[in-house]
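Colleague: Dropping a structure here in structure tokens format, bear with me for questions.
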Amino acid sequence: MKKWLPLSLISVGLLVACNNDSGSDTTESTDASPTTDAIAEELRVGYPAQPESLDPYITTAVATRDITRHFYEALVTINEDFEVVPMLAESIEESDDGKTITFNLRQGVLFHNGKEMIAEDVVASMERWKETTTQGRSNLEHASFVEVDDYTVELQLDEPSSIILNVLAEVVQIAAIMPKEIVDEADGTGVKEYVGTGPFEFVDWQTDQHIHMQRFEDYVPSDEEASGLSGHKEALIENLYFEFVTDSSTRIAGLQTGEYDVIVNVPLDNAEQLEAQPDVELVTALGSLQTGIFNEEEGVFTDPLMRQAVNTAIDNRAIMLGAYVSEEFFTLGAGIMFEDQVDWHSLAGEEYYFQNDPDQALEMLDEAGYDGEEVVILVARDYDALYNTAVVLHQQLEELGMNAVLEVTDWPTYLELSDDPSNFDIAITSFSTRLIPHQYPTLSKRAAYVGWTKSEELDRLLDEIKEQPTQEEAFEVFEELQVQFYEDMPMLNIGKSSGLTGVRSNVHNYEDLIGPILWNTTIE
């Protein structure tokens, strides 16, 4: 048995923080482990969309990720350097054959209902996560979580996997540990109560208005230094509100007047306006892969040649400029992993990226037998960049001669419609930074994710990556996978973006790591 050491995933720390005492827009936090000197009464976040659910097991929505991370925690998470580290686990050990991972749990950790977290809660939660989430279905199909004693859980694998802790550190569909009795009562619509172990506890959800959390007075923090999503956490705000404000001009006005202390998703064409305001700071948020997911279940894009034709035709730069205003806020490149991810970033398949060749695309459409069938582009209006992406893509497909139709909804309706293949042909969305390629659910047939990719070859290559003994050998297989990605084309790789968050100057120690971090944050 050997101790599991943190896995270095990205060589450059990507945590961004706002400590307004420094007078700088983007700085490293100077208060890694704050103490509770004074608890502020409230902090209000102007947020662009309402989540579909607060059960992270059943949705990959960004809104669910950003909100629930404040009251749910997992066995492992990531620090500011994107290393996988323990959270609710005290320590982790791996057997010599790599088939058994042992989690020694922290003792005395309390759920928001007052019950102590023990192994039965972990096993119930992780078995449900394994069966319900895209990551669980794709990577833990033959695995089992087993209770050893009250404070020890084993993960038993049929084969060793070099990526298993990365999978469990999933940021979007967090492997949240919940009380067993709540897990047991969950159905296809999710859990009925939102009870976790985090520094804030859920209070109420006023539909179309806000989600309210309050400081959990009995929270048991980690002794480790605060770093990214890991380590010491304190709720230094009594009441935390995520206010749903879909109109970006209303969010901006609210930040300027102080109605909102933080606003997420600042429209980039308003950046100069806010930069000129002395009591507002702008924080650059980690980027996303901008994409359109093809529907492979039914319709014209069941034919891979049709998908390749669209990829051949589009002008990636024009789409990203339409969405992000300036090249300051986006990059172009064939890699589906980000440039800073030195272990994974590759330009393999670059001959298929940003071709901007409508003539070649027309030949491909003709070969595929396209005859003017309707192509529905589905997008939510709540996120300006996604909406503008859809508008420019729609224009380009019309200019190509395709019968493109733009279907614009709100975010909850988008999530509902995109779950049914009869409703769309291309679904516009974005994927926040993934630690490993396996966390793109569109790559795996087993994930049964929106788009319903049919590629068994992509699944085979994902499995082969897991089996490699070294990162260098895993990367070689990944380069094969990235070329295969452009062959199968489950989704468009349009470009990679960064975003902006607006923060009032009386808010201190605000941080962002694939979404806002509001524990350890204070407000005057």
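Colleague: Could we say that Thr100 is surrounded by fewer than 21 Cβ atoms within 10 Å (Cβ to Cβ), within 30 Å of Leu386 (Cβ to Cβ), at pLDDT 95 or above and among the hydroxyl-bearing types (Ser, Thr, Tyr) here?
Modeller: In short, no.
Colleague: Is at least one residue of segment 337-346 under 20 Å from the mean Cα position of the chain (by Cα), in the same structural domain as Phe478 (by TED's automatic domain parsing) and aromatic (Phe, Trp, Tyr)?
Modeller: Checking segment 337-346: at least one residue is under 20 Å from the mean Cα position of the chain (by Cα), in the same structural domain as Phe478 (by TED's automatic domain parsing) and aromatic (Phe, Trp, Tyr).
Colleague: Can you tell me which of Asp410, Asp384 is more than 18 Å from Gly451 (Cβ to Cβ) and in contact with a Lys or Arg (Cβ under 8 Å, 6 or more places away or on another chain)?
Modeller: Just one listed residue meets the conditions, Asp410.
Colleague: Considering segment 175-193 alone, what residues qualify as being surrounded by fewer than 24 Cβ atoms within 10 Å (Cβ to Cβ) and either in contact with a Leu (Cβ under 8 Å, 6 or more places away or on another chain) or under 30 Å from Leu286 (Cβ atoms) (or both)?
Modeller: Gly190, Val191
Colleague: If I filter segment 221-255 down to residues being under 12 Å from Ile517 (Cα atoms) and small (Gly, Ala, Ser), which single residue comes out as nearest to the chain's Cα centre (by Cα)?
Modeller: Looking at the filtered set, the residue picked out is Gly228.
Colleague: Within segment 198-274, considering only strands (runs of 3 or more DSSP E) that don't extend past its boundaries, which have at least 2 residues that are under 22 Å from Thr409 (Cβ atoms) and without any contact (Cβ under 8 Å) to a residue 40 or more places away in the chain?
Modeller: none
Colleague: Going by the structure shown, is Val183 touching a residue at least 24 places away in the same chain (Cβ under 8 Å) and either in contact with a Cys (Cβ under 9 Å, 6 or more places away or on another chain) or part of a helix (DSSP H, G or I) (or both)?
Modeller: In short, yes.
Colleague: While we're here: Output yes when any residue across segment 147-163 is crowded, with 17+ Cβ neighbours inside 10 Å and in a helix (DSSP H, G or I), and no when none is.
Modeller: Looking through segment 147-163, none of the residues is crowded, with 17+ Cβ neighbours inside 10 Å and in a helix (DSSP H, G or I).
Colleague: Mind counting the residues in segment 256-278 that are within 22 Å of the chain's Cα centre (by Cα) and either in the same structural domain as Leu435 (by TED's automatic domain parsing) or on the phi > 0 side of the Ramachandran plot (or both)?
Modeller: Here the count works out to 1.
Colleague: Could you say which residue among Arg128, Arg65, Arg137 is basic (Lys, Arg), under 20 Å from Lys233 (Cβ atoms) and part of a helix (DSSP H, G or I)?
Modeller: Arg65
Colleague: Here are some conditions: (1) buried (at least 20 other Cβ atoms within 10 Å of the Cβ); (2) hydroxyl-bearing (Ser, Thr, Tyr); (3) in contact (Cβ under 8 Å) with a residue 40 or more places away in the chain. Tyr352 meets all but one. Which one does it not meet?
Modeller: (1)
The values are calculated or read from the model by the stated rules, or taken from the named source; none is laboratory data. Because the structure is a prediction, the values reported are computed rather than measured. No Cβ is skipped: glycine too gets one built from the backbone with ideal geometry, and neighbour counts run over all protein chains shown.
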